[in-house]
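K.L.:
My questions will all concern the structure given below.
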Amino acid sequence: MNGIETFRTALEAIRSHRLRSTLTMLGILIGIAAVILTVGLGQGAQSKVSAEISKLGSNLLIVTPGSTTSTTGIRGGRGSSSTLTTADASALSSKQVAPDIKSVAATSTSTQSLTVGTSNWTTTVTGTTPNWLDVRARTLDSGRFITQADLDAARPVAVLGADTVAQLFPRGQAVGQTVTINGSSFTVVGVLAAIGTTSSTTSDDDLAVVPQTTFATRVSANSTRSSVSTIYVEAASASALTAAYQEADALLLTRHGVSSTAADFSIASQQSLIKTATSTDATLTILLGGVAGISLLVGGIGVMNIMLVSVTERVREIGLRKALGATPSAVRRQFLVEASSLGATGGLLGLGLGVVGAVVLPHWLNQPVTISPLAAVGAVVVALGIGVTAGVYPAGRAARLAPIDALRNE
Amino acid sequence: MSTLRLTDVRKTYSSGHLEVEALRGITMSVEEGEYVAVMGPSGSGKSTLMHILGCLDVPTAGSYELAGTDVSKMTETELAEVRNRRIGFVFQGFNLLPSMSAWRNVELPLVYAGLARDVRRARAIAALERVGLGDRVDHRPGELSGGQQQRVAVARALVSDPALILADEPTGNLDSRSTADVLSLFAELHDSGRTIMLITHEADVAQAAQRTVRIRDGLVEQVVAA
Ligand SMILES: Nc1ncnc2c1ncn2[C@@H]1O[C@H](COP(=O)(O)OP(=O)(O)O)[C@@H](O)[C@H]1O
Ligand SMILES: [Mg+2]
């Protein structure tokens, strides 16, 4: 009996129990679709987070107060008074001490209500230095950015994000207007070009930037004049990132007079941020993928169960085929092909459902779903493998049936 | 040379502690081209004998030679080939696959012989024409009468052109008209040189054979030449 004939016989058997075959395939189908979608959702979330962090700028190091490696308790965290100062920032920008650092921008942030006339908008106000624009790789849509003169004189000037402008100045033309922050009047001198962040939690297009000195005197009452919440450090190049990291680390340790094990600050690179952020997603993906994998396993057990039922039910047919000359291996092949056809068909349909889900789901969840070709091929191969595995034992049983025991079963 | 030779064949069925001696020492031989009837009351061991002759079951003791070869020394795969090439079975209960049309049932032995589909179809239809069912090739067993179903089974037994045809009470479920049809088919097959063993408990059916072997309680009681 050749391959085509085996295949034809298997398909006939599957077709003659249409409902049962469909339900069996459904188990594999749902399992495969679930695995594809959970993994796709996880990968989608990861690539989204990476894309957002990449927008920070590629040569960037981010210095924040407090230690992430601390095991001895809290050491000057973000909420309490900051351990980082504007003096730290200017020390980092010294070309002699840190030749691999191109520029430095210290920032302090505070959530404030901005008022224009009768309209109100709450946003993040950032106090920083003129090179923030370069360090954060941003550009201006109109007007100018804050200058050294603004900083030195602690002028009440502000640069707004595109979304903030849209909220406060719906008729446009923000430059030259006045906005009130924490009781002080600020002149809008520029508007940042939008970069279109899609994150729901933070927006890089909704913010107000003011000089660091002005921030300390007029915006944030409870922060000491010189303390900052984040120092952005731009390395000279991507290859100088490690050197810049070491220079910044050594300089700050010396300035703060602490050993590296007692560091009261932490330095993160864009890569390490991506790694941390995506590793959480990766863990979740593995977890959800595992649950989906179990449903696939259950689907596989379903195939095995049905194949065993099918062997028991078709004892007479098997016996007759053997009486007419079917060899044990021909019978084994027939049942193996039957089981793997169920598996593979279920896998292909599951892949189809997964692809449909990947198109439809993002509209409802506002989450991207990524299906890689590797995952797609893998899913179908796994389904086929499950079918074959589930078929081995029932097929072996069918092959071993003595023709006479099978025929006598009336 | 004899087609089949049984020497002191015994068959004991044991289910749990219960043992049934279905055959208790059968010695007989059938020559090529013979038409032999096996008669005996129900439970005398006729079906057991036919299963052993057809290589569907193995004796507990004794030897069975088919065309000079000891069957007990053959592997499962070799036995499958013997059943496929040399033997045609006709069962009392027809044993047709209900989901397949008449010609698909008839072609089954040829499928396992590895013949191409168009050859199989041509030979299956020729076999069906031979048993007078040329106009029923696409009917399913459920759409045929008992006599027609048994004729499909006979077509299946002869399609691979086997030397030996084994029939276990082939007319047991048939009316007298269909019985006559089936018996005349066997007569034709015999005329064309096939060895035929026909198991029955009806004396008038056994009359068609050249020789009748009577068995009782698993032993050969009497051999009657026609
Ligand atoms: N599989 C079996 N297990 C146990 N006993 C069996 C089995 N098959 C047949 N027998 C017994 O063997 C004896 C002969 O049976 P069988 O060959 O079918 O007789 P017949 O065909 O002449 O009616 C009977 O007593 C029957 O009950
Ligand atoms: Mg019987």
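K.L.:
For A:S142, all conditions in the list (1) surrounded by 14 or more Cβ atoms within 10 Å (Cβ to Cβ); (2) among the polar types (S, T, N, Q); (3) more than 36 Å from the chain's Cα centre (by Cα) hold save one; what is the number of the exception?
P.N.:
(3)
K.L.:
Continuing with this model, one more query. Mind counting the residues in the range B:2-51 that are among the hydrophobic types (A, V, I, L, M, F, W, C) and closer than 17 Å to B:P162 by Cβ?
P.N.:
Within the range B:2-51, the subset among the hydrophobic types (A, V, I, L, M, F, W, C) is B:4, B:6, B:9, B:18, B:20, B:22-23, B:26, B:28, B:30, B:36-39, B:49-50.
From what is left, the residues that are closer than 17 Å to B:P162 by Cβ are B:4, B:30, B:36, B:50.
The number of residues fulfilling the criteria is 4.
K.L.:
Find all pairs meeting these conditions: Cβ atoms under 6 angstrom apart; at least six residues apart or on different chains; first residue within the range B:35-51 and in contact (Cβ under 8 Å) with a residue 12 or more places away in the chain; second residue assigned to a strand (DSSP E or B) and near ligand 2 (Cβ under 9 Å from one of its atoms).
P.N.:
Correct list of pairs: B:V38/B:I199; B:K46/B:I199; B:S47/B:D168; B:M50/B:D168; B:M50/B:I199.
K.L.:
Among the residues of the range B:58-93, which ones are surrounded by 21 or more Cβ atoms within 10 Å (Cβ to Cβ) and within 16 Å of ligand 2 (Cβ to nearest atom)?
P.N.:
Passing the criteria: B:F89, B:V90, B:F91.
K.L.:
State whether one or more residues within the range A:305-319 are buried (at least 21 other Cβ atoms within 10 Å of the Cβ), among the β-branched types (V, I, T) and closer than 24 Å to A:I32 by Cα.
P.N.:
Scanning the range A:305-319 turns up at least one residue that is buried (at least 21 other Cβ atoms within 10 Å of the Cβ), among the β-branched types (V, I, T) and closer than 24 Å to A:I32 by Cα.
K.L.:
Restricted to the range B:209-226, and to residues that are modelled with pLDDT of 90 or more and out of contact with any Gly (no Cβ under 9 Å at 6 or more places or on another chain), which residue is surrounded by the fewest Cβ atoms within 10 Å (Cβ to Cβ)?
P.N.:
Our first condition is that a residue be modelled with pLDDT of 90 or more; within the range B:209-226, this holds for B:209-220.
Going one step further and asking which of them are out of contact with any Gly (no Cβ under 9 Å at 6 or more places or on another chain), we end up with B:209-212.
Working: B:A209: 25, B:Q210: 14, B:R211: 16, B:T212: 20.
Result: B:Q210.
K.L.:
Another question, if that's okay. Against the definition (closer than 19 Å to B:L97 by Cβ, more than 16 Å from ligand 1 (Cβ to nearest atom) and among the charged types (D, E, K, R)), how does B:E129 come out, yes or no?
P.N.:
Details: closer than 19 Å to B:L97 by Cβ: no; more than 16 Å from ligand 1 (Cβ to nearest atom): yes; among the charged types (D, E, K, R): yes.
Here the answer is no, as B:E129 does not meet what is asked.
K.L.:
State all residues of the range B:30-46 that are within 16 Å of ligand 1 (Cβ to nearest atom) and either part of a helix (DSSP H, G or I) or of a type in the set (V, I, T) (or both); if no residue qualifies, say none. So that I can check it myself, show each step before the final result.
P.N.:
First, the residues of the range B:30-46 that are within 16 Å of ligand 1 (Cβ to nearest atom): B:36-46.
The answer is B:V36, B:V38, B:K46.
K.L.:
Could you list, in sequence order, the residues of the range B:52-81 that are farther than 16 Å from B:L198 by Cα, assigned to a helix (DSSP H, G or I) and within 12 Å of chain A (Cβ to nearest Cβ)?
P.N.:
Matches in the range B:52-81: B:E76, B:T77, B:E78, B:L79, B:A80, B:E81.
K.L.:
Scan (1) near ligand 1 (Cβ under 10 Å from one of its atoms); (2) loosely packed, with under 15 Cβ neighbours inside 10 Å; (3) of a type outside the set (G, A, S) for the single condition B:D8 breaks and write down its number.
P.N.:
All conditions are met except number (1).
K.L.:
Take the range B:169-216 and flag every residue that is within 14 Å of ligand 2 (Cβ to nearest atom) and assigned to a loop (DSSP other than H, G, I, E, B).
P.N.:
Hits for the range B:169-216 are B:E169, B:P170, B:T171, B:G172, B:N173, B:H201, B:E202.
K.L.:
When you go through B:R140, B:R156, B:R121, B:R117 one by one, which is the residue that is within 14 Å of chain A (Cβ to nearest Cβ), in contact with a Ser or Thr (Cβ under 6 Å, 6 or more places away or on another chain) and not small (G, A, S)? Let's see the steps before the verdict.
P.N.:
On the way: B:R156 fails: in contact with a Ser or Thr (Cβ under 6 Å, 6 or more places away or on another chain); B:R121 fails: in contact with a Ser or Thr (Cβ under 6 Å, 6 or more places away or on another chain); B:R117 fails: in contact with a Ser or Thr (Cβ under 6 Å, 6 or more places away or on another chain).
After applying the criteria, what remains is B:R140.
K.L.:
Is one or more of the residues making up the range B:25-48 under 26 Å from A:T9 (Cβ atoms) and within 16 Å of ligand 2 (Cβ to nearest atom)?
P.N.:
The initial filter retains those residues of the range B:25-48 that are under 26 Å from A:T9 (Cβ atoms), namely none.
No, every residue in the range B:25-48 fails to be under 26 Å from A:T9 (Cβ atoms) and within 16 Å of ligand 2 (Cβ to nearest atom).
Let's see how each residue does on (1) part of a helix (DSSP H, G or I); (2) away from chain B (no Cβ under 12 Å); (3) closer than 14 Å to A:R397 by Cα:
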residue: A:I294; (1), (2), (3): yes, yes, no
residue: A:V298; (1), (2), (3): yes, yes, no
residue: A:G302; (1), (2), (3): yes, yes, no
residue: A:R316; (1), (2), (3): yes, no, yes
residue: A:L336; (1), (2), (3): yes, yes, yes
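K.L.:
Which of the residues belonging to the range A:174-195 are touching a helix residue (DSSP H, G or I) at 6+ places or on another chain (Cβ under 9 Å) and either modelled with pLDDT under 85 or not in a strand (DSSP E or B) (or both)? Step through it out loud before you land on a result.
P.N.:
Keep residues of the range A:174-195 that are touching a helix residue (DSSP H, G or I) at 6+ places or on another chain (Cβ under 9 Å), which gives A:174, A:177, A:179, A:181-184, A:186, A:188-189, A:191-195.
A:A174, A:Q177, A:N182, A:G183, A:A193, A:A194, A:I195 - these are the residues of the range A:174-195 that are touching a helix residue (DSSP H, G or I) at 6+ places or on another chain (Cβ under 9 Å) and either modelled with pLDDT under 85 or not in a strand (DSSP E or B) (or both).
K.L.:
Select, from B:L96, B:L49, B:L110, the only residue that is buried (at least 21 other Cβ atoms within 10 Å of the Cβ) and part of a loop (DSSP other than H, G, I, E, B). Let's see the steps before the verdict.
P.N.:
Working: B:L49 fails: part of a loop (DSSP other than H, G, I, E, B); B:L110 fails: part of a loop (DSSP other than H, G, I, E, B).
It is B:L96.
K.L.:
Give the range B:203-221 a look and list any residue that's more than 19 Å from B:R5 (Cβ to Cβ) and more than 13 Å from ligand 1 (Cβ to nearest atom), or say none.
P.N.:
B:A203, B:D204, B:V205, B:A206, B:Q207, B:A208
K.L.:
I've got another one for you. Working carefully through the options B:R86, B:R120, find the one that is touching a strand residue (DSSP E or B) at 6+ places or on another chain (Cβ under 8 Å) and among the basic types (K, R). So that I can check it myself, show each step before the final result.
P.N.:
On the way: B:R120 fails: touching a strand residue (DSSP E or B) at 6+ places or on another chain (Cβ under 8 Å).
Answer to the selection: B:R86.
K.L.:
Of (1) more than 14 Å from every other protein chain (Cβ to nearest Cβ); (2) of a type in the set (G, A, S); (3) crowded, with 17+ Cβ neighbours inside 10 Å, A:G325 satisfies all except one. Which?
P.N.:
Unmet for A:G325, out of (1) more than 14 Å from every other protein chain (Cβ to nearest Cβ); (2) of a type in the set (G, A, S); (3) crowded, with 17+ Cβ neighbours inside 10 Å: (1).
K.L.:
Right, here's the next one. Would you confirm, using the coordinates I've provided, whether B:V38 is buried (at least 23 other Cβ atoms within 10 Å of the Cβ) and within 14 Å of chain A (Cβ to nearest Cβ)?
P.N.:
For B:V38, the condition - buried (at least 23 other Cβ atoms within 10 Å of the Cβ) and within 14 Å of chain A (Cβ to nearest Cβ) - is not met.
K.L.:
Of all residues in the range A:54-84 being assigned to a strand (DSSP E or B) and either charged (D, E, K, R) or modelled with pLDDT of 85 or more (or both), which is farthest from A:T242 (Cα to Cα)?
P.N.:
A:P65
The values are calculated or read from the model by the stated rules, or taken from the named source; none is laboratory data. Quick caveat, the model's predicted, so the values are computed rather than measured. Counting neighbours? That spans all protein chains shown, and the Cβs are built from the backbone with ideal geometry, glycine included.
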